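Heads up: the structure comes next, in structure tokens.
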Amino acid sequence: MNRNMLMKLAVSGFVLGLTTTGCSMNKMANAPSNALGKPETAVKSADKARDALTDGKVSKAVAYAEAAVAASPRDGAYRALLGQAYLSDGRFASASAALTEAMELGTTDANTVIALTLANLAQNKTSEAMALLNAHRDILPAPDMGLALALAGDSESAIYVLSEAARAEGATARTRQNFALALALSGRWAQARILASQDLSLDKVEGRMAEWSKLANDNNSALRVASLIGVTAQADGGMPVRLALSNFTGTQMAAADAPMVLASADPAPVDSFAPPPPAVEAAAIRTVELPMPQRDANGVVPVTELPVPAAAPVIMANAAPYRAAPRVAGEAAAARPFHEEARALATKFLPQLAFDAKKPAGWAVQLGAYDSLGIAKEKWGSLKSRNAMLANFPASSHAATVKGRTFYRLTVNGIKTRADADRLCGQLRADGQKCFIRQMGGSESIQWAARGTPVRLASR
């Protein structure tokens, strides 16, 4: 990626640290290899690959990066470098393979995670991209994290992350422009235009809006990602097989087995191998003499009368009536549909903390942010009617001002721990509802609150 392209994308996000030859990646690439190979060749090839990327000579960068990996195959930094080069060349399948192997080798810096997220999104692997973002959210910069969420289709989470980053002290133009792009991708064009104009002149704003409009209307995920990072998507069959990590396991060869000792041609007598039979003492065997039957004068053996066994006690059945009518013989039990079983289990997750609207505390799950309090209330009614689980929780709405514009956040509250909030949000996402968690600090000014109506399970 050349310097002109870097300047063009400097305010639209995802300018990767590798393409700007950041010192952090430079140190990683110069680290000693952890496997057999040619470390000197790998270092020189990696340096040439970074220089080629800076000069926009992507094909050369790919060749040099492949040479670095071949010289030091189990160095995660070189595989990350190769993945970045593939990404800059528009080869998303190869980039995904190289970056995944780099992370398997322990290279989990923010640049590698964001690059792999882009490669997955370009291949319509949205679930893998979201899992990657959630697993590494603590190390990802907010501008890249927010824009990645927007590209993955989670607009509400993207706007929340970027709005907080844009309000933070020292926020850059890049952060604000990423926020504007996330607003545009969610269909809020008026807000996106106002925010973009803070750092761009009016004529450049119109050009930027045209670019974002084309990006938003493009349903081809590979072309969207390629357009965003300024590359041309190519047909890609994947990384060369000779460089696959599976070819360089790094395991030690197993030691040769000890030589087998063959039996002698003239074996020893059996007596020297077979143990003698155990000696049995005579006193251990006892004999029992049974008495002979006595005959009467006529020579007949009398029949002995056996005692009649006592009758077993009769256990009376409990006369108390059943709490439920017994099932009729032959009647099949009606199986509940799977989604009803799942919903019945979900309703057992009830609030563990009473929600105080005057001093909100605990964890909450945010369902959205809207332009007015009335819209938030109306949205709560429709969401509660579609998902009965939401009715178990108290809901509230409070105002938040972002760049002079007021939004009304809709949250469900009464959640004691972050783990419970994550679990609830996961259940909602499984039903198709977008959400993310946040902690109530007690200073939020609640404009509207609704009590929850916990489901009472019938006794059995």
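The values are calculated or read from the model by the stated rules, or taken from the named source; none is laboratory data. Computed from a prediction, not measured in an experiment: that's the story for all the values here. No Cβ is skipped: glycine too gets one built from the backbone with ideal geometry, and neighbour counts run over all protein chains shown. All accessible areas refer to the heavy atoms of the entire protein, side chains included, with ligands and DNA or RNA removed. Shrake-Rupley method; radii C 1.70, N 1.55, O 1.52, S 1.80 Å.
In segment 190-216, the residues that are of a type in the set (Val, Ile, Thr) reach residues that are outside any helix (DSSP H, G or I) with C-beta atoms within less than 9 angstrom, at least six apart or across chains, in these pairs: Ile194/Lys403; Ile194/Gly404; Ile194/Arg405; Val205/Ser197.
As a summary of the residue check, Met389 satisfies the conditions (1) out of contact with any Ser or Thr (no Cβ under 8 Å at 6 or more places or on another chain); (2) farther than 15 Å from Asn134 by Cβ except for the one numbered (1). Could you check, for segment 74-92, whether at least one of its residues is among the small types (Gly, Ala, Ser), assigned to a helix (DSSP H, G or I) and more than 22 Å from Glu40 (Cα to Cα)? The answer is yes, given that some residue of segment 74-92 is among the small types (Gly, Ala, Ser), assigned to a helix (DSSP H, G or I) and more than 22 Å from Glu40 (Cα to Cα). Residue-level check: of (1) within 30 Å of the chain's Cα centre (by Cα); (2) over 21 Å from Gly237 (Cβ atoms); (3) of a type outside the set (Ser, Thr, Tyr), Ala65 misses just (2). Residue-level check: of (1) open to solvent by 10 Å² or more (accessible area, probe 1.4 Å); (2) at pLDDT below 90, Phe14 misses just (1). Considering the conditions (1) of a type outside the set (Ser, Thr, Tyr); (2) out of contact with any His (no Cβ under 9 Å at 6 or more places or on another chain); (3) at pLDDT 85 or above, Arg409 is excluded by exactly one of them, (2). Among the criteria (1) open to solvent by less than 50 Å² (accessible area, probe 1.4 Å); (2) modelled with pLDDT under 85; (3) polar (S, T, N, Q), the one Gln366 does not fulfil is (2). Taking residues in segment 400-414 that are among the β-branched types (Val, Ile, Thr), and partners anywhere that are at pLDDT below 85, the pairs with Cβ atoms closer than 7 Å and at least 6 places apart or on different chains are Val412/Leu390; Val412/Phe393.
Counting only helices (runs of 4 or more DSSP H) wholly contained in segment 169-223, the ones carrying 2 or more residues that are open to solvent by less than 70 Å² (accessible area, probe 1.4 Å), over 23 Å from Ala369 (Cβ atoms) and in contact with a Leu (Cβ under 9 Å, 6 or more places away or on another chain) occupy 202-217. In segment 434-447, the count of residues that are part of a strand (DSSP E or B) and open to solvent by 70 Å² or more (accessible area, probe 1.4 Å) is one or more. Restricting Thr417, Thr401 to those that are hydroxyl-bearing (Ser, Thr, Tyr) and over 28 Å from Leu195 (Cβ atoms) reduces the list to Thr417. Going by what's in this entry, would Leu428 be described as under 23 Å from Glu164 (Cβ atoms) and either open to solvent by less than 40 Å² (accessible area, probe 1.4 Å) or modelled with pLDDT under 85 (or both)? Considered against the rule, which asks whether it is under 23 Å from Glu164 (Cβ atoms) and either open to solvent by less than 40 Å² (accessible area, probe 1.4 Å) or modelled with pLDDT under 85 (or both), Leu428 comes out as yes.
Is there a residue being surrounded by fewer than 18 Cβ atoms within 10 Å (Cβ to Cβ) and free of Cβ contacts under 8 Å to residues at least 12 places away in the same chain anywhere in segment 137-158? Checked against the condition, which is being surrounded by fewer than 18 Cβ atoms within 10 Å (Cβ to Cβ) and free of Cβ contacts under 8 Å to residues at least 12 places away in the same chain, segment 137-158 yields at least one hit.
The number of residues in segment 374-410 being more than 16 Å from Gln427 (Cα to Cα), aromatic (Phe, Trp, Tyr) and outside any strand (DSSP E or B) comes to 1. State yes or no: is Asn120 under 15 Å from the mean Cα position of the chain (by Cα) and either part of a helix (DSSP H, G or I) or surrounded by fewer than 16 Cβ atoms within 10 Å (Cβ to Cβ) (or both)? For Asn120, the condition - under 15 Å from the mean Cα position of the chain (by Cα) and either part of a helix (DSSP H, G or I) or surrounded by fewer than 16 Cβ atoms within 10 Å (Cβ to Cβ) (or both) - is met. Anything in segment 40-57 that is open to solvent by 10 Å² or more (accessible area, probe 1.4 Å) and within 12 Å of Leu82 (Cβ to Cβ)? List them, or say none. The answer is Ser45, Arg50. When the criteria are applied in full, Ala71 meets the requirement of being touching a Pro at 6+ places or on another chain (Cβ under 8 Å) and either under 30 Å from Phe436 (Cα atoms) or open to solvent by less than 20 Å² (accessible area, probe 1.4 Å) (or both).
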